[in-house]
Structures are given as structure tokens and as C-alpha cells.
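Trainee: The structure that follows is given in the form of C-alpha cells.
The values are calculated or read from the model by the stated rules, or taken from the named source; none is laboratory data. The model shown is predicted, which means the values in this text are computed figures rather than measured ones. As a convention, Cβ positions derive from the backbone with ideal geometry for all residues, glycine included, and neighbour counts pool all protein chains shown. Protein only, heavy atoms only, side chains kept; ligands, DNA and RNA dropped before computing areas. Shrake-Rupley method; radii C 1.70, N 1.55, O 1.52, S 1.80 Å.
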Amino acid sequence: MSNNDIRTQFPILDTQVHGRPLVYLDNAATTQKPLRVIEAVDGYYRHLNSNIHRGAHHLAAVATDRYEEVRRQVQRFLNARHHHEIVFTRGTTESINLVASSFSRRYFTGDDEVIVSGMEHHSDIVPWQLAGATLSPIPFSDEGVLDLDAYERLFTPKTRIVAVNHVSNTLGTVNPVKRIIDIAHAHGVPVLIDGAQSVAHIAVDVQALGCDFYCFSGHKMYGPMGVGVMYGREEMLNELPPYQGGGEMISTVTFERTTYNELPFKFEAGTPSVGDVIGLGEAIGFMQEVGIENIAAHEAALLDHATQLLAQLPDMRFFGTAPGKASVLSFLVGDTHPYDVGTLLDQLGVAVRTGHHCTQPIMDRYGIPGTVRASFAIYNTMEEVDRFYEALVKVREMLM
């Protein structure tokens, strides 16, 4: 499938911004949606809208079948052992909050430590703090590479779980999660992987990784907002208490006692976002049709081209230069504030992200307020990278 064929599937890419064709380079925040995803969500509300699992009528039965087929689709996508290890959530943030809340109620004793990386998103920091844990961050080099020797020294008898991202949303580092998991398991400690930035770029096999939990969001992989996944090993999920109470997650309810439903429904209280789950299935189908390996190769070429172009400009400061990094380019133009750069790029039709990217500890590590972040997806082109560079040249002339 050619890049042009792919682009025609994304209607938003025809948008004009300030009289210029849109160059959308904010994909780490959210990807755009192909027509098949948009039409799947629209089609659900036009033709299938019904609550699932509990209805005896045709719409409920069909909607339930579609919803549960996506669960099996996600199982295959992650190579999970069982479809009931797939729990639908609102996104990575809710997935991690689910694990932190349920895991802490089951295993925390009041004097607990959680190992995280120094490059975690706030969504993999704050939930553990809310659960009462002390965080032990894995340090990383100036290039953005985790220090695994230091990591091994962080384990203590108080360590309850390791929670790290697969790919840094700010630095683009692809962390050695298999090695991280193996080290933790050697200490008898389970591992949660934040896969928000990885599933759209890397083929993920949770059985090969051996992780205990894996979390991601639909909207960062060409799917709808408001839907995500928490994969959990069956043995672990059976041990955890429910995250929320309400409909669907129960087996029996009396005023004296409640018993809980089987997996995965124990963790899916209330009415889910059925249309968005169906849209997620279409997004996975789109990615598999294009090919994860083709997506990764195209994005790597875009990143390499952008890095070479921007490196020609004086006073450029790059953050995150780890080998084999994903398609994220974080930088500053001299001492210019990132918001000023981003605002002027927007006036030239280029959409980037500015700020701390919900990774304030990374910014503290480098002693900066934030960065400009350009991030690439399968529908971006070399010509768009050139336009981004040309726009940045103009912005630099205005600011420097």
C-alpha cells in the first residue's frame, strides 16, 4: 500500500490551517483516524446501538458479538494466552490506575516501594503515589538510556512491583523491557508495562515478554479516544479485587454480600464504550493491513530525515538520542521557549506538541521547562518533513 493510498484514508489530512495545508506531527499525543474507524463508530450508533451482554433482543446480541470479537482480536494482536486476559478501559491512564488500585489493595502492607523509570509519564507515577507507594526511579543517561545496573540495585524486600514504559513519549527511547522483566521476575517481583507509545510502532507479544500487565490506548494507534486495554496474566487477575463496583462486574448481589463475575467482567463495571471498542478493532485491522514492520520502517526513515535536517541548524538542542529510538524528536531552539516555537510553527501549518509532555521528571533531569516535540506516523511524508524544516528555519529567524 503506497503512502498516498494510506493518506487518502485520513480525511483530516486535507485540512487547511491558517491558509496552509496541515502538517500533523503531534502523533505521540494522538494519531488521526482512518475512514474505516470513523465509519465503524458511526455505523454502531446508526445501526447497532444497544447495551451489551444483558439484552435478549437482536441489537444487543449483535453488538455483544462485535464487542467480544474485538476482545479476541486484541488477544491475537498481543498474543495473549486467553481472551479473558483482555480488559477494556478508557485508556492507558485508567488501565494503570486500575492495576495500581487493585494491586495495592491486594499486596501493599503500608511500607511499599514501586520501581519506575526516570522517564515515566505522569500516568505511571501518580497512581502509585495515590496507592501510597514510595517510588524508586531508574536513572538514565544524557542520551536517554536506562541504567540497568542501577536498576538491579533498587530492589529491596519492600519492592512490590516494577512499572515502566515500553517507549518514552518524550525521548523516544525503546526500553529493554524484556530484560527489565526478567530481572524483576528473578527477584520475584511482577511488572507492568506502559505500552501507550509502543503498540502503534512495535509488534508486541506479551507471552514472549513475560510481563504481568500491559496497558495501552486506542487513540494513539489510529483508534477512537476513550478506549484502551489492560492486559493482565490470568493468574494475577484472579488474585486482584475489582477496581470499581456496579453492573456487569457482579455474580450475585444481596444487601449482605456480593460475589464477583468471572474474568474479564470483574474489571468492567458499568456500560462500556461499545462503539469505541468496535472502532479499536478497525484500527487494529488497519495497522495489520499496512503491517507493523512497514509502519516502523517508514517512521524510522522520517525520523532519520528530520534529525539530519534539523541538525544543520545552529543552536539546536536534542533530547533523547538513544540508539534505535522510536519516531519522536524532542528539541529546543537555543534558549527560546518551546511554546513560542510551537505557536509560530502552527501559524505556518505545522502541528507539534510543546511543554513537559506529562514527564516533568525528565525536564528536571535536563534542567529545562519543556521541549518542542515532533512525532511521526505512517501517513506522514518526506515532503511534510521538508516543510516542517523550512517552517522551523523561518521560526528561528523570527526568534533568534
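Trainee: In the range 26-53, which residues are in contact with a Ser or Thr (Cβ under 6 Å, 6 or more places away or on another chain) and modelled with pLDDT of 95 or more?
Mentor: N27, A28
Trainee: Further question on the same structure: Could you list, in sequence order, all residues of the range 346-356 that are open to solvent by less than 10 Å² (accessible area, probe 1.4 Å) and under 25 Å from the mean Cα position of the chain (by Cα)? Show your work before the answer.
Mentor: Narrowing the range 346-356 to residues open to solvent by less than 10 Å² (accessible area, probe 1.4 Å): 349-350.
V350, the sole residue that qualifies.
Trainee: Checking the condition more than 25 Å from A163 (Cα to Cα) and either crowded, with 22+ Cβ neighbours inside 10 Å or free of Cβ contacts under 8 Å to residues at least 40 places away in the same chain (or both), which residue from H305, H298 passes?
Mentor: When all the criteria are applied, what remains is H298.
Trainee: Select, from E120, E94, the only residue that is among the charged types (D, E, K, R), outside any loop (DSSP other than H, G, I, E, B) and buried (at least 16 other Cβ atoms within 10 Å of the Cβ).
Mentor: E94
Trainee: I'd like the full set of residues that are open to solvent by 40 Å² or more (accessible area, probe 1.4 Å) and within 24 Å of I202 (Cβ to Cβ), limited to the range 357-379.
Mentor: If the condition is that a residue be open to solvent by 40 Å² or more (accessible area, probe 1.4 Å) and within 24 Å of I202 (Cβ to Cβ), then C358, P361 are the ones that fit.
Trainee: Being open to solvent by 10 Å² or more (accessible area, probe 1.4 Å), more than 19 Å from D111 (Cβ to Cβ) and among the β-branched types (V, I, T), is that true of even one residue in the range 150-158?
Mentor: Within the range 150-158 (the criterion being open to solvent by 10 Å² or more (accessible area, probe 1.4 Å), more than 19 Å from D111 (Cβ to Cβ) and among the β-branched types (V, I, T)), the answer is no, since none of the residues qualifies.
Trainee: How many residues does the range 43-90 hold that are surrounded by fewer than 21 Cβ atoms within 10 Å (Cβ to Cβ), hydrophobic (A, V, I, L, M, F, W, C) and outside any helix (DSSP H, G or I)?
Mentor: 1
Trainee: Just to check your reading of the model, which residue among L171, L209, L154, L146 is of a type outside the set (G, A, S), touching a Lys or Arg at 6+ places or on another chain (Cβ under 8 Å) and over 21 Å from Q288 (Cβ atoms)?
Mentor: L171
Trainee: Any idea how many residues of the range 61-83 are within 11 Å of V274 (Cα to Cα) and among the aliphatic types (A, V, I, L, M)?
Mentor: 2
Trainee: Shifting gears a bit: Is it true that L130 is in contact (Cβ under 8 Å) with a residue 12 or more places away in the chain, among the aliphatic types (A, V, I, L, M) and buried (at least 18 other Cβ atoms within 10 Å of the Cβ)?
Mentor: no
Yes or no, residue by residue, for (1) open to solvent by 20 Å² or more (accessible area, probe 1.4 Å); (2) over 27 Å from N169 (Cβ atoms); (3) assigned to a loop (DSSP other than H, G, I, E, B):
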| position | (1), (2), (3) |
| --- | --- |
| L192 | no, no, no |
| A203 | yes, no, yes |
| Q207 | yes, no, no |
| C215 | no, no, no |
| H219 | yes, no, no |
| G246 | yes, yes, yes |
| F255 | yes, yes, yes |
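Trainee: Let me ask another. Mind checking which residues of the range 8-34 are part of a strand (DSSP E or B), hydrophobic (A, V, I, L, M, F, W, C) and open to solvent by 20 Å² or more (accessible area, probe 1.4 Å)?
Mentor: V17
Trainee: While we're on this one: Kindly establish whether G172 is buried (at least 22 other Cβ atoms within 10 Å of the Cβ) and at positive phi.
Mentor: When the stated conditions are applied, G172 passes them.
Trainee: Considering only residues that are of a type outside the set (G, A, S), in a loop (DSSP other than H, G, I, E, B) and in contact (Cβ under 8 Å) with a residue 24 or more places away in the chain, look in the range 257-287 and name the one that is nearest to V37 (Cα to Cα).
Mentor: Quick first cut of the range 257-287, residues of a type outside the set (G, A, S) only: 257-268, 271-272, 274, 276-278, 280, 282, 284, 286-287.
Pick out the ones that are also in a loop (DSSP other than H, G, I, E, B) and you get 257, 261-264, 268, 271-272.
Subset that is in contact (Cβ under 8 Å) with a residue 24 or more places away in the chain: 262-264, 268, 271-272.
Values: E262: 30, L263: 27, P264: 25, E268: 23, T271: 21, P272: 18 Å.
Taking the candidates together, the pick is P272.
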